[in-house]
Amino acid sequence: MSRFLRSRVALVLALAADLLLYAGSTGPYDYTAASFEAALAAQELVTDEWLAKDGVVGTAIGVDGMGKAVLKVYLTRPGAALVPPFVSVASGTTVRVMPEITGEFRALPMEAASAEDADPTKSFPRPVPIGVSTGHGKVTAGTIGARATDGARTFALSNNHIFAANNDAQPGDNLLQPGVVDGGRDPGDVIGTLHDFEPIRFCQALLCPGNTLDAAVALTTTDDVGNATPDGGYGEPRSTTAEAELGMSVQKYGRTTGHTMGQISGLNATIDVGYRDGKARFEGQIVISGRGFSAGGDSGSLVVTKGLLLSDRRPVGLLFAGTQTTTLANPIDLVLDRFGITIDGGG
């Protein structure tokens, strides 16, 4: 195959996020540490400049089909912005740039009427499963990601924009299962109260402060919230977490799309995400590819590993935003460290 044809094939793969699942890979991609460090240096060098371009929504570290880490740039549409095919860094290394058409990233609360007979949207007997509809009374609906504990108390984990209504809630506010759009009402459907959340810092004019988390926890009990998904999901997550790796196969169970599979295609992502209250920039995020992996209402879902063993359900990330082809998640260890909790799971 000629160098030109190899380049064209690689570009097609980059533009079609679904094809990152080619060959059914279940393990991380191979790449050299040196190429990863060079790609990180290139990302730091150009991200601020590129995000100022109309049509650029983010960058991340990815991998090509030849075992080298590359710099991905996410675009709203084909030809949205001109970026160079390579970036040179101080070490003298040249890093390949791979454009990927994702569209605009948005936080994923439910924005439309709920689908009838969609099992995760309904009201469940207590204790409710994880992966089902929930939300603050000011929010349509999102997903209960997991049950967690600090060793003494029990918590439900989700996003700020699901439990804390984009910073617009107060500790002690009631949280519902199901969410309002799915028929949840206060006080009959209360499963807990807002305990803590990481504030989201929104962009103001040309200033875009960096965020790392869209996360919140609710104080609850084991009588109100269980620690496994409904039947047909992945079951009970493990308490032991896993660090995201390029090529890692993952799964989640969420309010809208239920049990879905995807693959980690980007690390250390810096992405501009649209919210009801404006735009927020997130840094150090996990990018997951796979059409249909998430949709509006899946925000708050726990992303776990999907290995060859049924027991391989280690938490990797907390889902919070996406497009039709691509999903974003906070690294789960950052989330758990922020609140001083662990996933209440199977070890």
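The values are calculated or read from the model by the stated rules, or taken from the named source; none is laboratory data. Only a predicted model underlies this, so the values are computations on that prediction, with no experimental measurement involved. Cβ atoms come from the backbone with ideal geometry, glycine included; neighbour counts cover every protein chain shown. Surface accessibility is based on the protein's heavy atoms, side chains included, excluding ligands, DNA and RNA. Shrake-Rupley method; radii C 1.70, N 1.55, O 1.52, S 1.80 Å.
Worth a mention:
- Hits in the range 209-220 (condition: of a type in the set (A, V, I, L, M, F, W, C) and open to solvent by 30 Å² or more (accessible area, probe 1.4 Å)): Leu219
- Boolean, Arg276 is surrounded by 18 or more Cβ atoms within 10 Å (Cβ to Cβ), at negative phi and among the charged types (D, E, K, R): no
- The numbered conditions (1) surrounded by 24 or more Cβ atoms within 10 Å (Cβ to Cβ); (2) at negative phi; (3) in contact with a helix residue (DSSP H, G or I) (Cβ under 7 Å, 6 or more places away or on another chain); (4) not acidic (Asp, Glu) are all true for Pro230 except (1).
- Residue within the range 308-326 that is open to solvent by 10 Å² or more (accessible area, probe 1.4 Å), part of a helix (DSSP H, G or I) and either touching a Lys or Arg at 6+ places or on another chain (Cβ under 8 Å) or modelled with pLDDT of 95 or more (or both) present: no
- In the range 173-203, residue surrounded by the most Cβ atoms within 10 Å (Cβ to Cβ) [restricted to those that are without any contact (Cβ under 8 Å) to a residue 40 or more places away in the chain and in a strand (DSSP E or B)]: Phe197
- Odd one out for Phe282 among (1) in a strand (DSSP E or B); (2) surrounded by fewer than 22 Cβ atoms within 10 Å (Cβ to Cβ): (2)
- Qualifying residue in the range 58-66 (condition: farther than 23 Å from Gln324 by Cβ and modelled with pLDDT of 95 or more): no
- Within the range 271-295, residues that are farther than 12 Å from Ala321 by Cβ and among the polar types (S, T, N, Q) have Cβ atoms under 9 Å from residues that are part of a strand (DSSP E or B) and open to solvent by less than 30 Å² (accessible area, probe 1.4 Å) in these pairs: Ser289/Glu100; Ser289/Gly262; Ser289/Gln263; Ser289/Ile264; Ser289/Ser265; Ser289/Gly266; Ser289/Thr326; Ser289/Thr327, counting only partners at least 6 apart in sequence or on another chain.
- Residue within the range 110-133 that is touching a Phe, Trp or Tyr at 6+ places or on another chain (Cβ under 7 Å), in contact (Cβ under 8 Å) with a residue 40 or more places away in the chain, of a type outside the set (Val, Ile, Thr) and closer than 30 Å to Asp224 by Cβ present: yes
- Here the condition is being open to solvent by 20 Å² or more (accessible area, probe 1.4 Å) and either over 20 Å from Ile341 (Cβ atoms) or under 20 Å from the mean Cα position of the chain (by Cα) (or both); of Phe124, Phe105, Phe163, it holds for Phe124 alone.
- Members of the range 134-149 found to be of a type in the set (Lys, Arg) and in contact with a strand residue (DSSP E or B) (Cβ under 7 Å, 6 or more places away or on another chain), listed by number: Arg147
- Checking every residue in the range 29-51 against the condition of being out of contact with any strand residue (DSSP E or B) (no Cβ under 6 Å at 6 or more places or on another chain), open to solvent by 10 Å² or more (accessible area, probe 1.4 Å) and within 30 Å of Ala141 (Cβ to Cβ) gives zero matches.
- Members of the range 262-279 that are in a strand (DSSP E or B) and either aromatic (Phe, Trp, Tyr) or farther than 24 Å from Val70 by Cα (or both): Gly274, Tyr275, Gly278, Lys279
- Qualifying residue in the range 248-255 (condition: within 16 Å of the chain's Cα centre (by Cα) and assigned to a loop (DSSP other than H, G, I, E, B)): yes
- Looking across the range 289-304, the residues that are buried (at least 24 other Cβ atoms within 10 Å of the Cβ) and assigned to a strand (DSSP E or B) come down to Leu302, Val303, Val304.
- Subset tally (residues that are farther than 19 Å from Gly266 by Cβ, out of contact with any His (no Cβ under 9 Å at 6 or more places or on another chain) and not acidic (Asp, Glu)) for the range 303-347: 16
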